[in-house]
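The values are calculated or read from the model by the stated rules, or taken from the named source; none is laboratory data. This is a predicted model, so every value here is computed, not measured. Because the Cβ atoms are built from the backbone with ideal geometry, glycine has one as well, and the counts that use them run over all protein chains shown. Only protein heavy atoms, including side chains, enter the accessible area calculation; ligands, DNA and RNA are left aside. Shrake-Rupley method; radii C 1.70, N 1.55, O 1.52, S 1.80 Å.
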Amino acid sequence: MKKFLMTLSISTVAAFGLTACSSGDENAESDKKEEKTEQTEKQASESKAEGPVAVVNGEEIPREDFNTRMERMKEQYSQMGMDMEGKEDQLKKSIVDQMIGSELLIQSAEDAGIEVTDEELQKKYEEFTKRFENEEQLQKALKDNGTTEEEVKEQLKMQIKVDEYIADNTEIDVSEKELKQQYEAMKKQKEDVKSFEEMKPILKQQLQSQKEQQAVGKLVKELREEAEVEVKI
């Protein structure tokens, strides 16, 4: 099954360089340069690797998709001024785990036989197109990402199925007590906090989101325990 990752196309140029060590310790600086060289060579070797990064119940996760997501994450970290040195292996594992989790949810949603109506799909697609100012910007984004409206609709259709599968297999409940506890904690951290009734919708959304993430994480863990997963990176 072909999968698509639709994002706005943003060109980013990141410049990386070595600066001279002000301490004058040439040996230490030489060691750092050697380490950098080894890391660069390792990254170059990995980027040329072939074959899937993982196989989930016989379904391969393409290395190309992984490389694209990896580069995107590295760009984001760079834009935020975060140093990735020594953290790439951890990032790779995190990305592969996320992709495995997505594949497990997709497979489970398909196995559940969830149907999507034309009305549901059209509504989802209209929500998607609202991200763009006009039709020209939408078409440019499609072209830049090498995809089409039909392919995006297929992706959105799958997203609807996955969302429904998650809803059917998780239970999210935010109690009044939890909302009040969250509100009291907020009052201790900030001054001039609005009344509880005014903050209640915002707090409920935050707690709902937190619980959904935890529930999905638990669901994916359970699915993975029962699945045949082979990581190849």
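Couple of notes before you dig in:
- 3J(HN,Hα) along the stretch 199-215: 7, 3, x, 5, 4, 5, 5, 5, 5, 4, 5, 4, 5, 5, 4, 5, 5 Hz, from the Karplus curve 6.51 cos²θ - 1.76 cosθ + 1.60 with θ = phi - 60°, whole Hz, x for Gly and Pro.
- Shape box of the stretch 77-233 [Cα atoms, principal axes, largest first, Å]: 49, 41, 41
- Binning the alpha carbon pair distances of the stretch 157-233 at 5 angstrom intervals from zero yields the distribution 3, 13, 17, 16, 14, 11, 10, 7, 5, 2, 1, expressed in whole percent.
- Percent of C-alpha pairs per 5 Å bin in the stretch 82-122, short distances first: 5, 19, 13, 15, 13, 10, 9, 8, 7, 1.
- Carbon + sulfur, % of accessible area of the stretch 127-233 - ligands and nucleic acids excluded, 1.4 Å: 43
- A compact globular protein would have a Cα radius of gyration near 2.2 N^0.38 Å; the ratio found for the stretch 81-154 is 1.53.
- Average accessible area per residue (Å²) across the stretch 84-199 - probe 1.4 Å, nucleic acids and ligands excluded: 67
- The phi-based Karplus calculation (6.51 cos²θ - 1.76 cosθ + 1.60; θ = phi - 60°) puts the 3J(HN,Hα) values of the stretch 116-130 at 10, 7, 4, 5, 4, 5, 5, 4, 5, 5, 5, 5, 5, 5, 5 Hz, whole numbers, x for Gly and Pro.
- Applying the criteria of a DSSP loop state and at most 16 other Cβ atoms within 10 Å to the trypsin sites (Lys or Arg not before Pro) of the stretch 55-126 yields K87.
- Take each peptide in 186-198, 203-215, count the other Cβ atoms within 10 Å of every residue, and average; sorted highest first, the result is 203-215, 186-198.
- Cα shape, the stretch 139-187, gyration tensor, a/c 1.5 rule: oblate
- For the stretch 142-156, the Karplus equation 6.51 cos²θ - 1.76 cosθ + 1.60, evaluated at θ = phi - 60°, returns couplings of 4, 5, 4, 8, x, 9, 10, 4, 5, 5, 5, 5, 5, 5, 5 Hz by residue, with Gly and Pro reported as x.
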